[in-house]
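Here the structure is laid out as structure tokens; the discussion comes afterwards.
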Amino acid sequence: MKAVVWHGVGDIRLDDVAEPRIEQQTDAIVKITASAICGTDLHMVRGTMSGMRPGTILGHEGVGTVEEVGTAVRNFKPGDRVLIPSTIACGYCSYCRDGYYAQCDNANPNGMQAGTSFFGGPEKSGPVNGLQAEKARIPLPG
Ligand SMILES: [Zn+2]
Ligand SMILES: [Zn+2]
């Protein structure tokens, strides 16, 4: 599939990459129909946000159609139209229950103290491949 890939500061390319797949049963795969270009993408292009891993797909926000869900996903099914915000959150930890999704204890694979996990960000945010792609793996859709 096609995706916008970060190779280095000032070096962003439209590449052919492998399609995402379910990695955890709490994942969904979404076929992206539109994705945003936001101000945070400019940090990656200009190098004003450090720690990007070469090969990371960019893009923080998108809309699309659910294509596949893991067995632990309860609230979405293939065919659902969805909006994907940049911040990844579990929805059930104490922070999420209070509405502080950016402080989620469970979303960041680097651990509870690692900070906000978001699509298309630097190493410390996951990294989780972003949404400027034909398809994306969405952790913890609920
Ligand atoms: Zn954004
Ligand atoms: Zn949470």
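Restricting attention to the chain, lysine pairs at least eight places apart or on different chains and with alpha-carbon atoms under 17 angstrom apart total 5. Count Lys and Arg as plus one, Asp and Glu as minus one, and take only other residues whose Cβ is under 9 Å from that of Asp27; the net charge is then 0. Estimated from helical segments only, the mean residue ellipticity of the chain at 222 nm is -2000 deg cm²/dmol, where each DSSP H run of four or more residues counts as -39500 (n - 2.57).
Quick one: if the Förster radius is 22 Å, what FRET efficiency do Arg53 and Ile22 give, using the C-beta to C-beta distance and rounding to 0.05? Could you put the intermediate results ahead of the total?
On the way: r = 21 Å, r/R0 = 0.98.
FRET efficiency, Arg53 to Ile22: 0.55.
Work out, step by step, the length gained on full extension between Ala72 and Ala102: first 0.36 nm times the residue separation, then minus their alpha carbon distance; give nm to one decimal.
Details: separation 30, 0.36 × 30 = 10.80 nm, distance 2.21 nm.
So the chain would gain 8.6 nm between Ala72 and Ala102.
A short reminder: the numbers here are calculations on the coordinates, not readings from a lab. For clarity, every value in this text was computed on a predicted model and none was experimentally measured. Cβ: placed from backbone, ideal geometry, glycine included. Neighbour counts: every protein chain shown.
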